[in-house]
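Following: one structure in C-alpha cells, then a few remarks.
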Amino acid sequence: MLISPIVAHVRATCPSFAGRVTAGIDWDAVANSTQLSHPSAYVIATGDQATANDLETGVRQNITDEIDIVVVLDTSDERGQAANDLLHVIRSELWRALVGWSAGSDYDLMEYDGGALVHINRARVIYRYGFAAEFQLGRNSQRDPAETWHERELDGLPPLEGLDIKVDFIEPMFDKNQTESGPDGRIEVQLREDLPQ
C-alpha cells in the first residue's frame with residue numbers, strides 16, 4: 001500500500017505526535033536518518049501475505065499488506081514506567097486513526113495486528129504497532145484494467161465474433177463401412193452462430 005497517505009492521515013489524526021510522523025523502508029534506514037523530536041512515529045511497510053489462487057480459469061488472490069507504526073518516546077527511566085501511560089494514549093489514538101480506515105479504494109478496512117516493544121534504554125522507548133489491510137489481486141470485471149499477466153493476455157485476444165460448429169454423431173448415424181462405432185469422421189450437421197458485438 002502507499003505509505004504517504006498513511007503518514008498524512010496519522011499526522012492529521014494523532015495529536016500526540018504534533019505532526020512528527022514520517023516513513024521509511026525499514027527501521028534501520030529510519031533510525032539512521034534525521035531524527036525527529038519525540039514523541040514521533042515512523043510508518044514502515046513490513047511485508048505482505050498472499051492466499052493461494054482461488055480460480056481454475058484465471059488468477060485471483062487476496063493480499064494482506066502489513067505496516068508498522070514505530071513510536072519513539074523519550075523516557076526518564078530505563079524500565080519505561082513513565083513512558084507506558086503515553087504508549088497507552090498513543091495506541092488509542094492510532095486505533096481511532098487507522099482501525100476501520102481505508103488505505104485506498106482497492107483495500108478493505110484496516111485492522112490492528114498487535115504491538116511489541118522494539119527497544120528500551122535510559123533515554124528512549126521504541127514500540128511498534130502493527131496494522132494490516134487486504135485487497136484482491138485480479139480484477140472482477142472485464143472493463144477493469146489488467147492486474148495479472150493472464151488478464152493482459154486475455155485483453156490482447158481479438159473479440160469472439162461467432163462459433164462454427166461441426167457435429168459428427170456417435171450413435172446412431174455413423175457409417176458402418178468406416179468404423180464399427182461413431183464418430184466416423186463425417187460431419188452430419190454444420191452450424192454457424194454469429195455473436196453480437
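The numbers here are math on the coordinates, done by the rules we state, and not lab data. For clarity, every value in this text was computed on a predicted model and none was experimentally measured. When we count neighbours, we look across all protein chains shown, and the Cβ atoms used for this are built from the backbone with ideal geometry, even at glycine.
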Give me Rg/Rg_expected for the chain, where Rg uses Cα atoms only and Rg_expected = 2.2 N^0.38 Å with N residues. 1.81
Along the stretch 164-169, what does the Karplus equation 6.51 cos²θ - 1.76 cosθ + 1.60 (θ = phi - 60°) give for ³J(HN,Hα), rounded to whole Hz, x for Gly and Pro? 9, 10, 10, 10, 10, 5
Just to confirm the number: angle between the C-alpha axis of helix 81-98 and the first principal axis of the chain, 0 to 90 degrees, nearest 10? 30 degrees
Please give the peptides 184-191, 130-137, 57-64, 93-100 ranked by average Cβ packing (other Cβ atoms within 10 Å per residue), highest first, as a rough proxy for protection. 130-137, 93-100, 57-64, 184-191
Once you charge only the Cβ atoms, +1 for Lys and Arg and -1 for Asp and Glu, what is the size of the charge dipole of the chain about its Cα centre, to the nearest 20 debye? 1400 debye
For the stretch 93-192, alpha-carbon Rg and Dmax in angstrom: 30.7, 98
Along the charge dipole of the stretch 53-197, Cβ charges K/R +1 and D/E -1, which of Val70, Gln178, Tyr107 sits furthest on the positive end? Val70
Crossing angle, helix 3-13 versus the chain [Cα axis fit, 0-90 degrees, rounded to tens]: 50 degrees
Which of His9, Thr148, Gly138 sits closest to the plus end of the dipole of the chain, meaning its Cα is farthest towards the positive end, when Lys and Arg get +1 and Asp and Glu get -1 on the C-beta? His9
